[in-house]
1. Could you tell me how many degrees, from 0 to 90 and to the nearest 10, lie between the Cα long axis of helix 183-192 and the main elongation axis, the longest principal axis, of the Cα atoms of the chain?
2. Taking every pair of alpha-carbon atoms in the chain, give the share separated by more than 22 Å as a whole percent.
3. Residue by residue through the stretch 96-109, which ³J(HN,Hα) values in whole Hz follow from phi under the Karplus form 6.51 cos²θ - 1.76 cosθ + 1.60 (θ = phi - 60°), with glycine and proline marked x?
4. Length gain on complete extension for the stretch LYS8 to ARG86, per 0.36 nm per residue less the alpha carbon to alpha carbon distance?
5. Hey, what do the phi angles of the stretch 118-133 turn into as Karplus ³J(HN,Hα) couplings, whole Hz, using 6.51/-1.76/1.60 and θ = phi - 60°, x for Gly and Pro?
6. Could you list, bin by bin from short to long, the percent of Cα-Cα pairs of the stretch 122-217 in 5 Å steps?
7. Search the structure for amide H atoms under 5 Å from the amide H of LYS89, placed 1.01 Å from N in the peptide plane, and list their residues when 5 or more places away or on another chain.
8. So what is log10(I(q)/I(0)) for the stretch 3-122 at q = 0.16 1/Å, when the Debye sum runs over its Cα atoms only?
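The values are calculated or read from the model by the stated rules, or taken from the named source; none is laboratory data. Quantities reported herein were computed from a predicted structural model and do not represent experimental measurements. Here the Cβ is made from the backbone with ideal geometry for all residues, glycine too, and neighbour counts use every protein chain on show. These area figures cover heavy atoms from the full protein model, side chains too; ligands, DNA and RNA do not enter into them. Shrake-Rupley method; radii C 1.70, N 1.55, O 1.52, S 1.80 Å.
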Amino acid sequence: MNPNQRPKHTGTVYLVGSGPGALDLMTVRATRLIGEADVIVHDHLIADGVLELARSDAQTICVGKRASNHTVPQDELNRLLVRLAREGKMVVRLKGGDPFIFGRGGEEIETLVDCGIPFEVVPGVTAAAGCAAYAGIPLTHRDHAQTVSFATGHLKDGSVDLDWQALARPRQTSVFYMGIGGIGEICRQMMAHGLPGTHPAAVVQNGSTVRQRVVTADLATLPDKVKEAGISSPALIIVGTVVSLHRKLAWYAPILDTENRNALA
Ligand code: SAH
């Protein structure tokens with residue numbers, strides 16, 4: 001860039017969470033920033049219709065990542081954010097859910113810090129909170145779970161390297177993000193570390209959206225049930241006795257899952 005054309009101000013990067021999927025679960029702050037941004041750099045997995053809130057002259061760049069298809073390497077993405085801010089742009093880096101929960105938000109703002117780029121972080125409703133609410137599965141409950149753990153179920157070389165002892169504790173809810181590919185291994189490990197095969201477990205696909213599907217089972221049968229139902233990503237696995245509350249507390253049924261259908265019959 002010609003030094004005479006260099007902008008006087010460095011732009012700010014807003015690292016924004018777009019929530020679990022339903023547009024109206026996005027924060028007011030996120031909605032406002034999206035409507036003001038010069039550039040929106042977004043993931044594949046963001047709330048439906050969110051880009052329609054952008055200015056008509058805003059630039060949108062998809063750097064989407066599907067499980068095994070990393071379109072833009074992380075360091076290239078970090079450099080892109082720095083370049084756009086140095087051009088004086090107001091940049092919204094839009095992510096699904098919350099930017100600091102399995103969102104690599106930390107990595108992206110570390111680069112901004114190193115390069116002296118001003119930034120702000122806008123939290124969002126993380127998938128666990130969104131799916132739990134819309135599936136009628138409270139993550140904590142005085143009679144069931146006093147702690148809740150969020151883990152990544154992403155497979156590395158066919159296995160999931162986690163502290164299974166901690167995740168399989170009784171009176172706890174464990175939530176696995178990115179776990180559908182590894183669901184067999186996850187359920188096996190939870191049983192190998194002390195939970196019975198009858199321990200309740202559920203999968204919520206596309207939680208909070210009109211495409212939401214919920215499958216409830218137990219650790220022994222969940223992988224087969226999920227396969228039979230044809231569940232695919234994005235989906236969350238919830239393990240804990242709180243899952244048994246779904247039958248009574250489910251209130252959202254855009255596409256009726258088997259259990260809701262039976263309950264309503
Ligand atoms: N930062 C995001 C998580 C990104 S990791 C957040 O806070 O929610 C991506 C994973 O999130 C997906 O593989 C899936 O496990 C989960 N996920 C995101 N949105 C979801 C949805 N609407 N329903 C079910 N799972 C979802």
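1. 50
2. Values: 20286 of 34980 pairs.
Cα-Cα pairs of the chain separated by over 22 Å account for 58 percent.
3. Coupling constants for the stretch 96-109: x, x, 10, x, 9, 10, 6, x, 6, x, x, 4, 5, 7 Hz.
4. Details: separation 78, 0.36 × 78 = 28.08 nm, distance 0.95 nm.
Residue separation times 0.36 nm, minus the Cα-Cα distance, leaves 27.1 nm.
5. For the stretch 118-133, the Karplus curve yields x, 8, 9, 10, 10, x, x, 6, 6, 3, 4, 5, x, 5, 4, 4 Hz.
6. 3, 12, 23, 25, 21, 12, 4, 1
7. Close amide H contacts, sequence-distant or interchain: GLY11.
8. Evaluating at q = 0.16 Å⁻¹ gives log10 I(q)/I(0) of -0.70.
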